[in-house]
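So the structure is just underneath, and the comments pick up after that.
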Amino acid sequence: MRYQISTLLYAFNPSDEVLLLERAREPNRGLWSPPGGKLHTAQGESPYACGCREAEEELGLVLCPSDLHLAGIVSEHGYQGESHWLMFLFEIRNRLHQLPEPHEEGKFRFFPRAVLDQLPLPTTDRERIWPWFWEHRGGFFAAHCHCFPDGRHDWALEESSLAKGPFLLAQKP
């Protein structure tokens, strides 16, 4: 199996609701997940450059690397039996004040944290990625998931750095 490298963008509105994309394509078609996309590895694109590019392509936001907080790195071994994934999870520092336009990748919607458990989410997101994202918000975590063909997942939290004090991202004028 080959490795796919991607970014996920965790964006919030002023009410701290998270922006999710109902995916129109595989992987995870029909499920809600943060926007993002694959690195252009043939061009040597960095994860930060990919995050900025994806923010512009999908959200209409022009960002620079300092607008992103690296919240986590997640590797998935054998996801859906098709490939390995290395995902860089970025929280966008600025708040979004409007919903992005629908995109070929799917439609967007803001959700309060409390309703995420009721949404159709990718299994690995539901099991560990979202809980660790919330626990480490403002800090950093690295995790690995071994995805087995029978649907089981074996998780390891490989690094954990919790934020000191309440996490508030600075708003840029």
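The values are calculated or read from the model by the stated rules, or taken from the named source; none is laboratory data. As the structure is a computational prediction, the values presented were derived from the model and not from experiment. All Cβ positions, even for glycine, are placed from backbone atoms using ideal geometry, and neighbour counts span all protein chains on display. With ligands, DNA and RNA removed, areas are computed over all heavy atoms of the protein, side chains included. Shrake-Rupley method; radii C 1.70, N 1.55, O 1.52, S 1.80 Å.
Can you say what percent of the DSSP beta bridges in the chain, counting only those with both residues inside, are antiparallel? Round to 5. Let's see the in-between values first.
Numbers: 30 of 44 bridges.
Roughly 70 percent of the DSSP beta bridges within the chain come out antiparallel.
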Query raised in the report: Counting alpha carbon pairs within less than 8 Å and at least 6 residues apart, what relative contact order, in whole percent, applies to the chain?
Result: 26
Query raised in the report: Counting only protein heavy atoms, what percent of the accessible surface of the chain is carbon or sulfur at a 1.4 Å probe?
Result: 51
Report task. Starting from the amide H of residue 37, placed 1.01 Å from N in the peptide plane, find each other amide H under 5 Å away whose residue is 5 or more places distant or on another chain. Result -> 7
**Report entry** Sequence of 110, 141 when ordered by accessible area, the most exposed leading, probe 1.4 angstrom
**Finding:** 110, 141
Query raised in the report: So, in Å, what gap is there between the alpha-carbon centers of the stretch 1-41 and the stretch 58-74?
Result: 12
Report task. Apply 1/(1 + (r/R0)^6) to the Cβ-Cβ distance of residue 109 and residue 84, taking R0 = 30 Å, and write down the FRET efficiency to the nearest 0.05. Result -> 0.50
Query raised in the report: Once amide H atoms are built 1.01 Å from N in the peptide plane, which residues 5 or more positions from residue 31, or in another chain, come under 5 Å H to H?
Result: 23
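Tally the DSSP beta bridges in the stretch 1-101 and give the antiparallel ones as a percent, rounded to 5.
Details: 15 of 23 bridges.
If we restrict to bridges inside the stretch 1-101, about 65 percent are antiparallel.
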Report summary line: Label model pair residue 64, residue 159: point-to-point distance (7 angstrom along the Cα→beta-carbon line) in nm is 2.5
Query - Derived scalar couplings ³J(HN,Hα) [the stretch 16-26; Karplus, 6.51 cos²θ - 1.76 cosθ + 1.60; whole Hz; x for Gly, Pro] - result: 6, 7, 8, 7, 10, 10, 7, 5, 8, 10, 6
Report task. Using the Karplus curve 6.51 cos²θ - 1.76 cosθ + 1.60 with θ = phi - 60°, work out ³J(HN,Hα) for each residue of the stretch 74-80 in order, rounded to whole Hz, and write x for Gly and Pro. Result -> 10, 10, 10, 8, x, 4, 6
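Please report the projected area of the stretch 40-146's Cα convex hull averaged over all directions, in nm².
Numbers: hull surface 31.2 nm².
Orientation-averaged projected area of the Cα hull: 7.8 nm².
Percent relative contact order of the stretch 54-95, based on C-alpha pairs within less than 8 angstrom and at least six residues apart?
Numbers: 49 pairs, mean separation 14.9, N = 42.
In percent, rounded to a whole number, it is 36.
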Query - Surface accessible to a 1.4 Å probe, per residue, for the residues of the stretch 101-150, Å² - result: 52
Query raised in the report: What does the accessible area of residue 150 come to, in Å² to the nearest 10, when a probe of 1.4 Å is used?
Result: 100
Query raised in the report: Counting Lys +1, Arg +1, Asp -1, Glu -1, what net charge surrounds residue 157 among other residues with beta carbon under 13 Å of its beta carbon?
Result: -4
Report task. Quick one: what are the phi-derived ³J(HN,Hα) couplings along the stretch 97-114, Karplus 6.51/-1.76/1.60 with θ = phi - 60°, whole Hz, x for glycine and proline? Result -> 9, 8, 6, x, 5, x, 10, 4, 6, x, 10, 9, 7, 8, 9, x, 3, 4
